[in-house]
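Working notes, beginning with the structure itself.
The values are calculated or read from the model by the stated rules, or taken from the named source; none is laboratory data. In this text the structure is predicted, and so the values were computed from the model without any measurement. Every residue, glycine among them, receives a Cβ derived from its backbone with ideal geometry; neighbour counts consider all protein chains shown.
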Amino acid sequence: MPDRRVPPWRGILLGAAAVALIALVFALGALQPPYRAPVSTDRLGPDQGEQVADYLARSRDSLDTGGDEPRWALVSFAEPLAPGEIPQHSGGLRIAQVLYRVPAPGVQTPLVAVPVPEGVQAAADSASYAAWLLPRPVDDRSARVVAFSAARLRSGCGCVVGLVVRGTPARLRNLAGQNGIRAVQALPADAVAGSFAVAPLLPDYRDVVAPGPDDGPVPEP
């Protein structure tokens with residue numbers, strides 16, 4: 001029977017080839033690292049469970065910054081506005097989003113953020129788009145809530161609870177001092193559009209930021 005043992009020199013070559021292959025794989029991985037989604041911790045609005053007084057103070061502090069670089073900011077209203085009232089409560093700033101929530105005692109209605117193009121009229125005309133952006137219902141009660149909310153939004157209800165705007169700190173401070181504005185909170189100047197979360201200070205939040213009851217009857221559309 002012929003001797004089938006592998007010559008020692010061949011084993012050395014195979015080992016060297018394996019080491020070279022592993023080195024090549026690591027080199028390619030270093031040159032082309034796996035994709036990682038960008039991580040953003042920027043957020044506009046109060047945290048759940050936060051004291052309202054603390055958020056109001058935090059909002060004021062966010063406007064006391066050096067420099068005059070424009071930055072993104074959240075405007076929260078003392079009472080919900082009708083869409084036609086947006087221009088007089090925007091300080092002439094660029095509006096990026098209009099935030100809607102239909103008020104209903106004892107009913108938790110969804111918050112809807114409507115992106116709008118530049119121009120204050122687009123913001124004033126955004127309520128009908130908000131109706132289309134309501135979430136898909138998951139049960140009978142949520143279906144009735146969505147139907148009620150859509151009907152109210154299409155009627156031009158007083159349901160605007162906030163705006164996302166862009167302006168310099170000086171103009172944002174000026175807006176914060178106007179009647180009907182409850183809070184203006186700004187992000188750092190390097191915040192990127194579309195990379196931060198938004199949750200307005202709802203008019204219902206008086207002492208602490210927490211959801212209210214959701215056991216009341218849903219109004220008819």
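A few remarks follow.
- Residue ID - farthest from Ala176 (Cα to Cα), chosen from residues in the range 57-85 that are surrounded by fewer than 16 Cβ atoms within 10 Å (Cβ to Cβ) and among the aliphatic types (A, V, I, L, M): Ala82
- From the list Glu118, Glu50, the one residue that fits, being closer than 20 Å to Phe196 by Cβ, modelled with pLDDT under 95 and over 17 Å from the mean Cα position of the chain (by Cα), is Glu118.
- Contact map, the range 200-214: first residue farther than 24 Å from Trp72 by Cβ, second residue assigned to a loop (DSSP other than H, G, I, E, B) and aliphatic (A, V, I, L, M), Cβ cut-off under 7 Å, separation 6 or more or different chains; pairs are Asp214/Val107.
- Hits in the range 124-148 (condition: farther than 22 Å from Phe196 by Cα, touching a Leu at 6+ places or on another chain (Cβ under 6 Å) and of a type outside the set (Val, Ile, Thr)): Ala127, Ala131
- When the range 160-170 is filtered for residues that are over 18 Å from the mean Cα position of the chain (by Cα) and of a type in the set (A, V, I, L, M, F, W, C), only Ala170 remains.
- The set of residues from the range 135-183 being β-branched (Val, Ile, Thr) and in contact with a strand residue (DSSP E or B) (Cβ under 7 Å, 6 or more places away or on another chain) comprises Val160, Val161, Val164, Val165, Ile181.
- Within this structure, Pro213 fails the test of being of a type outside the set (Val, Ile, Thr), within 24 Å of Ile86 (Cα to Cα) and over 15 Å from the mean Cα position of the chain (by Cα).
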